[in-house]
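Trainee: The structure's right below; bear with me while I get my questions together.
The values are calculated or read from the model by the stated rules, or taken from the named source; none is laboratory data. Every value quoted in this text rests on a predicted model; they were computed, and no experiment measured them. Glycine also receives a Cβ, built like all others from the backbone with ideal geometry; neighbour counts cover every protein chain displayed.
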Amino acid sequence: MDTRLLDDVLTLLEEGSLSRAAARRNVTQPAFSRRIRSFEDWVGIPLLDRDANRIGLHPALAANAAEIRATLQRIEGLRARLRDGTTGGRLVLVTQHALAARITPDALAALHRLEPDLTTRLRTMNREDCLSFFVRGDADILMIYEARGFPPLPFDDTIVRRTWMRDTLVPVCGGALRHRLGPDGRLAGPFPVIAYPPDSHFARLVQRHGAEAALADHGGRVAVETAFSVAALRLAEAGLGVAWVPHSMCVAQIASGDLVNLSAIYGQIGLDVSLFHADGNAEARRLLARL
């Protein structure tokens with residue numbers, strides 16, 4: 001298969017239109033349609049619903065967009081290694097966005113002090129995508145949060161788990177909101193909350209911990225929802241609501257007084273920063289043993 005067809009499919013997914021996708025790929029629409037038909041021939045099923053009035057995309061295309069991109073990246077990496085005669089020599093580490101903001105850089109700095117010639121490829125994504133990426137074998141090391149007191153990730157004995165450090169998820173507020181704290185450290189009256197989407201990992205932890213209900217009982221109402229803990233931190237600093245963020249991410253702001261840690265009132269959620277690698281990955285095992 002001509003691997004350029006994968007780029008064609010990704011462009012079609014992004015544009016949602018044959019004409020716009022053809023324009024981006026600098027070909028005529030009939031030529032682009034023929035290339036998409038070639039891809040369909042290779043897959044073996046129709047992937048477009050070609051009605052007279054519209055073009056419908058098969059849901060499998062969108063569902064596998066990340067895998068198509070990853071496949072293209074692996075092919076490009078292979079071609080580069082073949083060209084320069086290397087055997088790889090790159091460590092691929094996949095981690096959550098929340099960890100990439102503060103903890104992952106420290107871990108990589110420590111690793112590169114031990115291995116100055118090491119080249120690391122860092123991939124950041126949401127927790128579920130991190131797990132899929134690692135299980136597919138696309139990463140040497142997985143760095144992820146695990147909540148203490150909850151069941152660990154259900155890997156078998158072919159996967160090695162190590163603990164890099166401990167962290168906590170804490171409720172914080174900043175800006176003008178921190179001046180509304182009463183003598184007992186509680187916020188008086190109705191106050192805004194910055195929440196995570198219900199299907200996100202941090203939202204599930206907050207809900208199972210009972211913290212969501214505790215905030216609501218004291219007058220908290222959701223004002224902003226965001227999937228990114230870095231955004232939640234910035235919003236809390238601006239006084240737009242109480243947010244649950246990793247302590248490692250906000251420790252400097254708490255120390256300076258820009259944020260107030262409300263965990264004495266609403267509790268905190270213990271987190272482990274865990275590292276995983278396949279037992280058969282000798283290079284990952286060697287590097288993490290040194291680390």
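Trainee: May I ask you to list the residues in the stretch 139-192 that are among the hydrophobic types (A, V, I, L, M, F, W, C), crowded, with 18+ Cβ neighbours inside 10 Å and not in a strand (DSSP E or B)?
Mentor: Those that are among the hydrophobic types (A, V, I, L, M, F, W, C), crowded, with 18+ Cβ neighbours inside 10 Å and not in a strand (DSSP E or B): A139, L177.
Trainee: Still on this structure, I have one more. Those residues that are loosely packed, with under 14 Cβ neighbours inside 10 Å and in a loop (DSSP other than H, G, I, E, B), I need them from the stretch 193-215; list them, please.
Mentor: P197, P198, D199, G210
Trainee: What residue, among those in the stretch 10-60 that are in a helix (DSSP H, G or I) and acidic (D, E), is nearest to L72 (Cα to Cα)?
Mentor: If we take residues in the stretch 10-60 being in a helix (DSSP H, G or I) and acidic (D, E), then E14 is nearest to L72 (Cα to Cα).
Trainee: Quick check, is G149 among the small types (G, A, S), within 17 Å of H277 (Cβ to Cβ) and modelled with pLDDT under 90?
Mentor: It is false that G149 is among the small types (G, A, S), within 17 Å of H277 (Cβ to Cβ) and modelled with pLDDT under 90.
Trainee: Sort out which residues of the stretch 216-227 are small (G, A, S) and either part of a helix (DSSP H, G or I) or within 26 Å of the chain's Cα centre (by Cα) (or both), and write them in order of number.
Mentor: Residues satisfying the conditions are A216, A223, A227.
Trainee: Check G175, G185, G220, G149 and return the single one that is assigned by TED's automatic domain parsing to the domain that holds A282 and not polar (S, T, N, Q).
Mentor: G149
Trainee: If N261 meets every condition in (1) modelled with pLDDT of 95 or more; (2) in contact with a Lys or Arg (Cβ under 9 Å, 6 or more places away or on another chain) apart from one, which number is that one?
Mentor: Looking at each condition in turn, N261 falls short on (2).
Trainee: Let me ask something else about it. Since L233 meets every condition but one in (1) under 30 Å from F276 (Cβ atoms); (2) outside the structural domain of E128 (by TED's automatic domain parsing); (3) at pLDDT below 95, which condition does it not meet?
Mentor: With (1) under 30 Å from F276 (Cβ atoms); (2) outside the structural domain of E128 (by TED's automatic domain parsing); (3) at pLDDT below 95 applied to L233, the lone miss is (3).
Trainee: Moving on. Is it fair to say S19 is at pLDDT 90 or above and more than 28 Å from the chain's Cα centre (by Cα)?
Mentor: no
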